[in-house]
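Written below as structure tokens is the structure these notes are about.
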Amino acid sequence: MLRSILLSSTGLFIGAFSAHLFAEEFRHELEFGMGLGGQHLPHYRGSEETHTKVLPIPVVEYRGRILKSDRDGTRAEFSLAERIEFNISADLALNDGAEDNRLREGMPELESEFQLGPSVNIDLTGHGFNRGLILRLPVRPAFAFGSDSEYIGYVANPMLTWIQPRVLDRWRVSLDVGALYGSDRYHQHYYNVAPQYVTAARSEYSAGAGFSGTFTEVGVSSKQGNLVYGVSLRYDNLRDAVFYDSPLVETGDYWSFSFGVGWLFKTWNWTE
């Protein structure tokens, strides 16, 4: 649910901080455009009901001394050692349509969700953080937003990422394999059934903290002139998740799909 291509796989959104702080001179480049991003995914992890959304999105690519945005996605990078970096990562889920979910009938509407938090990344192959095998260890607080905004817990998302930036001299290919862990508050937000929402088909349930399942995601993206585009396909398995016996869970696995395409029409350059 939360690996939206709008923030991660195509990298068409807002981006990154990089620790090139000691360079004497640096050439900045900012490119701006517009595009479309879409996703097809469940109302929430474990739901069999799905929704598809296509939205206009800003396309920003910025290569500077500190701030960076590109196809590698949303991050903030500060070098801790030759093969270790500290990131600020983000993720987004648009839950519009979940108010019509059959299993949640009569329950509060699920708002969209935004996550922002730190990550430590380790370069396992010595090729840098844009190529080869990387271990990523993000932990992110999560916030629901919509009619109201509130903190709903935190998630941990350790993963192995393999990146090949120039397949057939054109395509950037990435593969993520990882696990998810959530706090009790986070799982309760999605999977609790309070006494006032108990029905003949929906028993009372309280979710705990712990394992949230595994995932595998493949992303392919490219930039040809001013055109940037990419797609992402993800598989999630929830069968060993701590909330799997919730009456709001009706499937142990699912597929989701995302895409993004944009056109860069304005470029600025300067040196400092």
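The values are calculated or read from the model by the stated rules, or taken from the named source; none is laboratory data. All figures in this text were calculated on a predicted structure; none of them were measured in a lab. Here Cβ is always computed from backbone atoms with ideal geometry, including for glycine, and neighbour counts include all displayed protein chains.
Are any of the residues in the stretch 222-245 among the acidic types (Asp, Glu), out of contact with any strand residue (DSSP E or B) (no Cβ under 7 Å at 6 or more places or on another chain) and surrounded by fewer than 16 Cβ atoms within 10 Å (Cβ to Cβ)? Give the derivation first.
Initial filter on the stretch 222-245 (among the acidic types (Asp, Glu)): 236, 240, 245.
Still in the list and also out of contact with any strand residue (DSSP E or B) (no Cβ under 7 Å at 6 or more places or on another chain): 245.
Pick out the ones that are also surrounded by fewer than 16 Cβ atoms within 10 Å (Cβ to Cβ) and you get 245.
Yes, that holds for at least one residue.
Go through (1) surrounded by fewer than 14 Cβ atoms within 10 Å (Cβ to Cβ); (2) under 21 Å from ALA156 (Cβ atoms); (3) in contact (Cβ under 8 Å) with a residue 40 or more places away in the chain one by one and return the number of the condition GLY208 breaks.
In the conditions (1) surrounded by fewer than 14 Cβ atoms within 10 Å (Cβ to Cβ); (2) under 21 Å from ALA156 (Cβ atoms); (3) in contact (Cβ under 8 Å) with a residue 40 or more places away in the chain, GLY208 misses (3) alone.
Does the stretch 243-265 hold any residues that are touching a Phe, Trp or Tyr at 6+ places or on another chain (Cβ under 6 Å) and among the β-branched types (Val, Ile, Thr), and which are they?
VAL261
If you check VAL228 against the conditions, is it of a type in the set (A, V, I, L, M) and more than 25 Å from ARG131 (Cα to Cα)?
Criteria not met by VAL228.
How about the stretch 82-115: which of its residues are hydrophobic (A, V, I, L, M, F, W, C) and farther than 15 Å from LEU41 by Cα? Full working, then the answer.
We begin by selecting, within the stretch 82-115, every residue hydrophobic (A, V, I, L, M, F, W, C); these are 84, 86, 88, 90, 92-94, 98, 103, 107, 110, 114.
Residues satisfying the conditions are ILE84, PHE86, ILE88, ALA90, LEU103, MET107, PHE114.
Could you pull out the residue among ARG202, ARG185 that is charged (D, E, K, R), at pLDDT 95 or above, surrounded by fewer than 17 Cβ atoms within 10 Å (Cβ to Cβ) and over 19 Å from the mean Cα position of the chain (by Cα)? Please lay out each step first, then the result.
Details: ARG202 fails: surrounded by fewer than 17 Cβ atoms within 10 Å (Cβ to Cβ).
None of the others qualify; the one that does is ARG185.
What number of residues within the stretch 150-191 satisfy the criterion of being without any contact (Cβ under 8 Å) to a residue 40 or more places away in the chain and among the charged types (D, E, K, R)?
Going through the stretch 150-191 one residue at a time, the tally reaches 5.
Of GLU111, GLU85, which residue is modelled with pLDDT under 90, surrounded by 16 or more Cβ atoms within 10 Å (Cβ to Cβ), farther than 27 Å from VAL193 by Cα and of a type outside the set (S, T, N, Q)? Can you show your working first?
Numbers: GLU111 fails: farther than 27 Å from VAL193 by Cα.
After applying the criteria, what remains is GLU85.
Of all strands (runs of 3 or more DSSP E) completely enclosed by the stretch 125-180, which ones contain at least 1 residues that are in contact with a helix residue (DSSP H, G or I) (Cβ under 7 Å, 6 or more places away or on another chain) and at negative phi?
Numbers: elements: 132-145, 150-156, 159-167.
Ranges flagged: 132-145, 150-156.
Inspect the stretch 137-149 for any residue being over 19 Å from TYR190 (Cα atoms) and touching a residue at least 12 places away in the same chain (Cβ under 8 Å) and give the result as yes or no.
Step one: list which residues in the stretch 137-149 are over 19 Å from TYR190 (Cα atoms), which gives 137-138.
Filter once more, keeping what is touching a residue at least 12 places away in the same chain (Cβ under 8 Å): 137-138.
Yes, the stretch 137-149 contains a residue that is over 19 Å from TYR190 (Cα atoms) and touching a residue at least 12 places away in the same chain (Cβ under 8 Å).
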